[in-house]
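First the structure, in the form of structure tokens, and then the observations on it.
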Amino acid sequence: MKSSSFVAIDDINKQEMLDLLERARYFEEHPNSKILDGRVVATLFFEPSTRTRLSFETAVNRLGGRVIGFSDASTSSTSKGETLKDTIKMVSNYADIIVMRHFLEGAAQYATEVTDVPIVNAGDGANQHPSQTLLDLYSILKTQGTLEGLTITMVGDLKYGRTVHSLLMALRHFKPVFNFVSCPELRMPEEYIKICRREGIEFHEYTDFSQEVIDSSDIIYMTRVQRERFSDIMEYERVKNLYTLRNAMLATSKPNVKILHPLPRVNEIDRDVDDNPKAYYFEQARNGVFARQAILTRALGIDPLKS
Ligand code: CP
């Protein structure tokens, strides 16, 4: 198998997505092995992270590989003025694959243009977060038994939320109905609305997180309003607490509905939801290890069934 980068969810087609999900399922059953023995994985995080970095590193450790990198770019020579290009070229001398998160949209794509080492995008600004999408798809498949024909409600920051952008791009292959719930300032960007229109995907935009929307959903995907994406802090203060899911709001929801959130959360899911069996966000984060084992082995051209 050829090694390859994973920069955007649209880098892979529907069948490749399903193959990766099958591979994630394999790793959930076999999380520990030595198939990355002798491989070095670099994790370069120019933006903060808990789940993405630690689940990538757990994925590597459980498969017998080694991890190098940084979780705080201020401790790297970036703080001395080294360019992204030079950083990527240097790390390419040391690692077999680079997992990177960067605050600039397009940074991961740019990295692929300056190195032959596979690049995995762990989030680039407000653009995409494809490894999150794979674990989201895996979580949806596990809880719903299918990806086809589901009603997916996305709530909160749909403008800057890279997780919802990637998820929309992936789910468009599976005949979804989308509900987009946001204030006008944070609505789903026009480029994604156009994709829905062009591909004949049913979608509805709401400013009200109504009972009717909640009760029609198979998946409610809550998102955090991201203070770090706002240039005007007053605008952030005005919109940050517009949507909060509370336990009582789930009383008449479908039996199969699951609440997902890429995390971290702030106020958008009340703590009283955590013990509801419909809350799935902590298990969702656990699924990240298996999804990332699938991504890393595919990017390195390693077939777990033949190793
Ligand atoms: N979901 C996610 O990207 O979380 P972190 O920012 O903690 O990595």
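Scanning the range 54-67 for residues that are touching a residue at least 60 places away in the same chain (Cβ under 8 Å), within 15 Å of the ligand (Cβ to nearest atom) and hydrophobic (A, V, I, L, M, F, W, C) returns 56, 59. Taking the range 91-109 as the range and being surrounded by 17 or more Cβ atoms within 10 Å (Cβ to Cβ) and more than 20 Å from residue 71 (Cβ to Cβ) as the test, only 109 passes. Enumerate the pairs (first residue in the range 105-116 and over 20 Å from residue 129 (Cβ atoms); second residue anywhere and among the hydrophobic types (A, V, I, L, M, F, W, C)) with beta-carbon separation below 9 Å, excluding pairs fewer than 6 apart on the same chain, so at least 6 apart or on different chains. Filtered contacts from the range 105-116: 114/84; 114/88; 115/88; 115/91; 115/98. The single condition among (1) out of contact with any Lys or Arg (no Cβ under 9 Å at 6 or more places or on another chain); (2) loosely packed, with under 14 Cβ neighbours inside 10 Å that residue 42 does not meet is (2). In the range 68-81, is there at least one residue being more than 15 Å from the ligand (Cβ to nearest atom) and at positive phi? Yes, there is a match, as at least one residue in the range 68-81 is more than 15 Å from the ligand (Cβ to nearest atom) and at positive phi. Close contacts from the range 39-53, counting a first residue that is within 6 Å of the ligand (Cβ to nearest atom) and a second that is of a type in the set (D, E, K, R) and part of a strand (DSSP E or B), with Cβ to Cβ under 7 Å and a gap of 6+ residues or different chains, come to 49/101; 52/101.
Inspect all residues belonging to the range 148-164 and state whether any of them is of a type in the set (Phe, Trp, Tyr), more than 30 Å from residue 39 (Cα to Cα) and in contact with a strand residue (DSSP E or B) (Cβ under 8 Å, 6 or more places away or on another chain). The answer is no; no qualifying residue exists. Taken together, the residues in the range 101-139 that are among the aliphatic types (A, V, I, L, M) and under 13 Å from the mean Cα position of the chain (by Cα) amount to 6. Within the range 93-103, is there a residue that is at pLDDT 95 or above, among the small types (Gly, Ala, Ser) and either under 22 Å from residue 22 (Cβ atoms) or within 15 Å of the ligand (Cβ to nearest atom) (or both)? No; the residues of the range 93-103 include none that is at pLDDT 95 or above, among the small types (Gly, Ala, Ser) and either under 22 Å from residue 22 (Cβ atoms) or within 15 Å of the ligand (Cβ to nearest atom) (or both).
In the range 104-140, of all residues being in contact with a helix residue (DSSP H, G or I) (Cβ under 9 Å, 6 or more places away or on another chain) and at positive phi, the one that is farthest from the ligand (Cβ to nearest atom) corresponds to 125.
Restricted to strands (runs of 3 or more DSSP E) entirely inside the range 30-140, those with at least 1 residues that are closer than 16 Å to residue 285 by Cβ and not basic (Lys, Arg) are 119-124. The residues on offer are 146, 163, and the sole one that is within 12 Å of the ligand (Cβ to nearest atom) and either at pLDDT 95 or above or not hydrophobic (A, V, I, L, M, F, W, C) (or both) is 163.
Looking at the range 225-238 only, could you name the residues that are in a loop (DSSP other than H, G, I, E, B) and not small (Gly, Ala, Ser)? Explain how you work it out, then say what you get.
Of the residues in the range 225-238, the ones in a loop (DSSP other than H, G, I, E, B) are 225-226, 230-232.
Across the range 225-238, the qualifying residues are 225, 226, 230, 232.
Scan the range 198-224 for residues that are touching a Cys at 6+ places or on another chain (Cβ under 9 Å) and either under 22 Å from residue 126 (Cα atoms) or assigned to a helix (DSSP H, G or I) (or both) and the total you get is 2.
Only one entry of 241, 256, 267 meets the criterion of being outside any helix (DSSP H, G or I), away from the ligand (no atom under 16 Å from the Cβ) and either of a type in the set (Lys, Arg) or at pLDDT 95 or above (or both), and that entry is 256.
Selection within the range 141-156: residues that are in a strand (DSSP E or B) and of a type in the set (S, T, N, Q). The member of this set that is surrounded by the most Cβ atoms within 10 Å (Cβ to Cβ) is 153. The numbered conditions (1) under 16 Å from residue 7 (Cα atoms); (2) among the hydroxyl-bearing types (Ser, Thr, Tyr); (3) over 21 Å from the mean Cα position of the chain (by Cα) are all true for residue 43 except (3).
The values are calculated or read from the model by the stated rules, or taken from the named source; none is laboratory data. If you're wondering where the values come from, they're calculated on a predicted model, not measured in any experiment. Virtual Cβ from ideal backbone geometry, glycine too; neighbours counted across all protein chains shown.
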